[in-house]
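Below: the structure, in structure tokens.
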Amino acid sequence: QVQLVESGGGLVQAGGSLRLSCAASGRTSSRYVMGWFRQAPGKEREFVAVISDSITRYSDSVKGRFTISRDNAKNTVYLQMNNLKPEDTAVYYCAATPGSGAYSYRPGFYDYWGQGTQVTVSS
């Protein structure tokens, strides 16, 4: 069992930056694929970014603006978000599933989820 806790959300003006963190606890000795998803009001949860070993992938809407990274010593995954836009406003969720090398853009691929952190970008 793994517990995920996100932090770092908040209110920022368009063009600004935020860094989200996802701290993992529990059975962190195993290797995990880590993903970030977001969900805006009235919309489905959508893929943002994933990191699996050294592989990173991004949705087209955030490519070039967001960067996912991990610090294995701290059991933490980060999402650096630059040049934020009002359409980035959503609750951001961290997700994890055991494994390495594989990855998926589907929420159903992931076994563990955090509680989410709100990101609001004002115009």
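The values are calculated or read from the model by the stated rules, or taken from the named source; none is laboratory data. Values in this document were obtained by computation on a predicted structure and should not be read as measured data. Every residue, glycine as well, gets a Cβ built from its backbone with ideal geometry; the counts of neighbours run over all protein chains shown. Remember, those area values only see protein heavy atoms, side chains included, never the ligands or the DNA or RNA. Shrake-Rupley method; radii C 1.70, N 1.55, O 1.52, S 1.80 Å.
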_Counting other C-beta atoms within 10 Å, and keeping those with at most 11, which DSSP coil trypsin sites (Lys or Arg not before Pro) do you find in the range 1-67?_
43, 63
*With DNA, RNA and ligands ignored, accessible area of residue 76 (1.4 Å probe; Å², nearest 10)*: 20 Å²
*asked:* Just to confirm a number: summing +1 for Lys and Arg and -1 for Asp and Glu over residues other than residue 78 whose beta-carbon lies under 12 angstrom from that of residue 78, what do you get?
replied: +1
_Tell me the net charge near residue 33. Cut-off is 13 Å between Cβ atoms, residue 33 excluded, with +1 for each Lys or Arg and -1 for each Asp or Glu._
+2
*Roughly how many debye, to the nearest 20, is the charge dipole of the chain about its Cα centre, given +1 on each Lys and Arg Cβ, -1 on each Asp and Glu Cβ, and no other charges?*
140 debye
*Over the chain, average the accessible area per residue using a 1.4 Å probe and give it in Å², no decimals.*
51 Å²
*Share of carbon and sulfur in the accessible heavy-atom surface of the chain [1.4 Å probe, %]*: 46 percent
*How much of residue 60 can a 1.4 Å solvent probe reach, expressed as accessible area in Å² and rounded to 10?*
130 Å²
